[in-house]
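The structure appears below as structure tokens.
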Amino acid sequence: MSSWSAKNPYMSKVTECYVLNGEGSRKETRHIVFDLGDSGLDYKVGDALGVLAENPQNTVDLLIETAGWDADHLVTTHNGERTLSEALKKDFEIHRVNKKFVNSLTNKVTSTGMRITVKLIERYRESVAGQGSGWMSSDSSLGDEILPSIPGDDPVGRVEHLTTDADAMEDYIWSRDYIDVMNDFDVSYTPEEFLELADKLKPRLYSIASSHDVHPGFVELTVGIVRYSHHGRDRGGLCTVYMADEVEINKTDVGVFMSPTKSFVLPEDKETDIIMVGPGTGIAPFRAFMEQRVHDGGTGKNWLFFGDQSEKTEYYYKESIEDWLDEGHLYRFTTAWSRDQEEKIYVQHRLKEHGAEVWEWFERGAYFYICGDKQYMAKDVHRALIEIAMEHGGMSEDDATHFIEKTMMREEKRYLRDVY
Ligand SMILES: Cc1cc2nc3c(=O)[nH]c(=O)nc-3n(C[C@H](O)[C@H](O)[C@H](O)COP(=O)(O)OP(=O)(O)OC[C@H]3O[C@@H](n4cnc5c(N)ncnc54)[C@H](O)[C@@H]3O)c2cc1C
Ligand SMILES: NC(=O)c1ccc[n+]([C@@H]2O[C@H](COP(=O)([O-])OP(=O)(O)OC[C@H]3O[C@@H](n4cnc5c(N)ncnc54)[C@H](OP(=O)(O)O)[C@@H]3O)[C@@H](O)[C@H]2O)c1
């Protein structure tokens, strides 16, 4: 057993990181391979990999510049003494402002009356010159003295609004980082004050997309890269952008650790049939399951439901899937391409279309697995299962719910979820 953990990660190298989407796709989903080297790390299918990211150096530098700090200033963090630059890169989440920091503005924006900052005046002039939205007047000859009468320009009032209206707070922090806030409000924080408020950098988990028996010494992931642009700067998810843009192949040391699962496991009996539902990046553990089931042999049938926006651009792992189908390892492959026609087709629609057969599989003891989006997809699939039990099992809604949620999920532990 290796002792690598979130606090003591193994420093791995990425050996491959390529985009799975076809040309013209709206998405960026990558296949990312980590070398486990001499770590002694092992994993089973169903486990997740923890990845520790770092903030991009340009964001660190811009934050230091905006705040007027010294990059070499020594600070003590939960990881020990280090330069401010290193602490901001490795120890804290600086890519999205948190509520604690916005709340702290109450004690920083202390001016009595209307304190219009130089930056706000500059923004006002720019927007007036460009007929920008959200400002009241287009008369560029107006002097600074009238600025206080423009709603929302009073920093004290703005902070009060943000800290007392939960929706305004959510809306404000959604698109901003600390640099934006320091540009919005002319405030000054010492590095120590800032680090006290910022969140510690947390590892991200990724469902493992490979079988260790098939890829000894490596662990593979299917990662949806989070990118967006706000307030004139491109930005995105901390860990996904780190893996896609910052990590150099076979060069950068990336901290990883295993996060084993006790529940999201293959049936012990290799004769047991399984249904896997994994749209989008939800396919990750099912690539691993298929590799393992092929490696292990056995007569259990495998039925995979997969979907994403378009067959042309999102048919991830097409070659492997076609091989499994050709060789009879994948008994059935059912797709839901949501944007290849007028109306949305999702995996739960396909499940219901095949409801009679799904029910037969359930009656024969099949395991049901789901992976991917927790907020919408998993809930809709759950509902579809209850409807299948009603329609094809002849159950009342209460009995169907009991069967899916109590019998299959809790008692028999054959409805298993890896949703996020
Ligand atoms: C058990 C488990 C398994 C997982 N497996 C996988 C997997 O196999 N593949 C995978 O890709 N992910 C997986 N995830 C999700 C993964 O852990 C990360 O949450 C995901 O990659 C985003 O991390 P990030 O650091 O890039 O983004 P973060 O920095 O954490 O930012 C993500 C946040 O950005 C915000 N955001 C998104 N779009 C916008 C926008 N336009 N404007 C402003 N804010 C926005 C959202 O609030 C979102 O929550 C899994 C999660 C868990 C818990
Ligand atoms: N924290 C993050 O920032 C982050 C990063 C990566 C993934 N995730 C999570 O993981 C999920 C997976 O992301 P992904 O890019 O792999 O795939 P996804 O966005 O979930 O999309 C996969 C497929 O699911 C469809 N879909 C949308 N709503 C659905 C619903 N209610 N029921 C069933 N299917 C539905 C999509 O269709 P349409 O798009 O055409 O509607 C698409 O065809 C995300 O939705 C998100 O919750 C989060």
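The residues of the chain present an accessible area of 49 Å² per residue when probed at 1.4 Å with all protein chains retained. Entry for segment 274-419 at q = 0.11, 0.21 Å⁻¹: log10 I(q)/I(0) = -0.40, -1.41, Debye formula applied to identical alpha-carbon scatterers, no solvent contribution.
Give me D for segment 352-420 in µm² s⁻¹, whole number, from Stokes-Einstein with Rh from the Kirkwood sum over alpha-carbon pairs, 25 °C and 0.890 mPa s. Numbers along the way, then the final one.
On the way: Rh = 12.0 Å.
Here the translational diffusion coefficient equals 204 µm²/s.
Placing +1 on the Cβ of every Lys and Arg and -1 on the Cβ of every Asp and Glu, with nothing else charged, gives the chain a dipole about its Cα centre of roughly 380 debye. Computed with a 1.4 Å probe over protein heavy atoms only, the accessible area of Lys200 comes to about 120 Å². Across segment 161-167, rounded Karplus estimates of 3J(HN,Hα) from the backbone phi angles (6.51 cos²θ - 1.76 cosθ + 1.60, θ = phi - 60°) give 4, 5, 8, 10, 10, 4, 5 Hz, Gly and Pro being marked x.
With both residues required to sit in segment 274-419, DSSP beta bridges show an antiparallel share near 0%. A probe of 1.4 angstrom, applied to the heavy atoms of all protein chains, finds His230 with accessible area near 50 square angstrom. Put the Cα centre of segment 345-372 next to the Cα centre of segment 205-272 and the gap is 27 Å. In this structure, Ala6 and Asp234 have a Cβ-Cβ separation that, at R0 = 45 Å, corresponds to a calculated FRET efficiency of about 0.95.
Accessible surface ranking for Trp303, Trp324, 1.4 angstrom probe, highest first: Trp324, Trp303. Using the rule -39500 (n - 2.57) for each DSSP H run of four or more residues, divided by the residues of the chain, the 222 nm mean residue ellipticity is -9500 deg cm²/dmol. Using a probe radius of 1.4 angstrom, the carbon and sulfur fraction of the accessible surface of the chain is 47%.
Between Asn98 and Asp61, the contour length at 0.36 nm per residue exceeds the alpha carbon distance by 11.4 nm.
Take His349: with every protein chain present and a 1.4 Å probe, its accessible area is about 80 Å².
In order along segment 406-420, the phi-based Karplus estimate (6.51 cos²θ - 1.76 cosθ + 1.60, θ = phi - 60°) of 3J(HN,Hα) comes to 9, 5, 5, 7, 8, 7, 8, 6, 10, 10, 10, 10, 9, 10, 8 Hz; Gly and Pro are listed as x. Determine the gain in length on full extension of the stretch Asp72-Thr190; use 0.36 nm per residue of separation and subtract their C-alpha separation, reporting nm with one decimal. Gain on stretching Asp72 to Thr190: 41.1 nm. For the pair Lys251 and Phe218 in one chain, pulling the backbone fully straight at 0.36 nm per residue adds 10.3 nm over the alpha carbon distance. Which of the aspartates and glutamates could be linked to Lys200 by a straight reach, that is with a Cα gap under 13 Å, when you skip same-chain ones fewer than 8 residues away? Reachable aspartates and glutamates: Glu54, Asp91, Glu93.
Of the residues Arg410, Arg158, ranked by 1.4 Å probe accessible area with the largest first, the sequence reads Arg410, Arg158. With an 8 Å Cα cut-off and a minimum separation of 6 or more residues, compute the relative contact order for segment 274-419 in percent. About 25 percent, as a whole number. Taking 7 Å steps out from each Cα toward its Cβ at Lys202 and Glu160 produces label points 3.3 nm apart. Could you go through segment 307-316 in sequence order and give the Karplus-derived ³J(HN,Hα) for each residue, using 6.51 cos²θ - 1.76 cosθ + 1.60 with θ = phi - 60°, rounded to whole Hz, and x for Gly and Pro? So the Karplus estimates, Gly and Pro as x, are x, 6, 5, 9, 4, 5, 10, 10, 7, 5 Hz.
Taken over the Cα atoms of the chain, the convex hull encloses 187 Å³ per residue.
Around the amide H of Arg227, modelled in the peptide plane, lie the amide H atoms of Gly237, all under 5 Å away and 5 or more residues distant in sequence or on another chain.
The values are calculated or read from the model by the stated rules, or taken from the named source; none is laboratory data. It should be emphasised that the depicted structure is a prediction, and the values quoted were computed from it without experimental measurement. Cβ sites come from the backbone with ideal geometry, for glycine too, and all protein chains shown count toward neighbours. These accessible areas exclude ligands, DNA and RNA; they are computed on the full protein's heavy atoms, side chains included. Shrake-Rupley method; radii C 1.70, N 1.55, O 1.52, S 1.80 Å.
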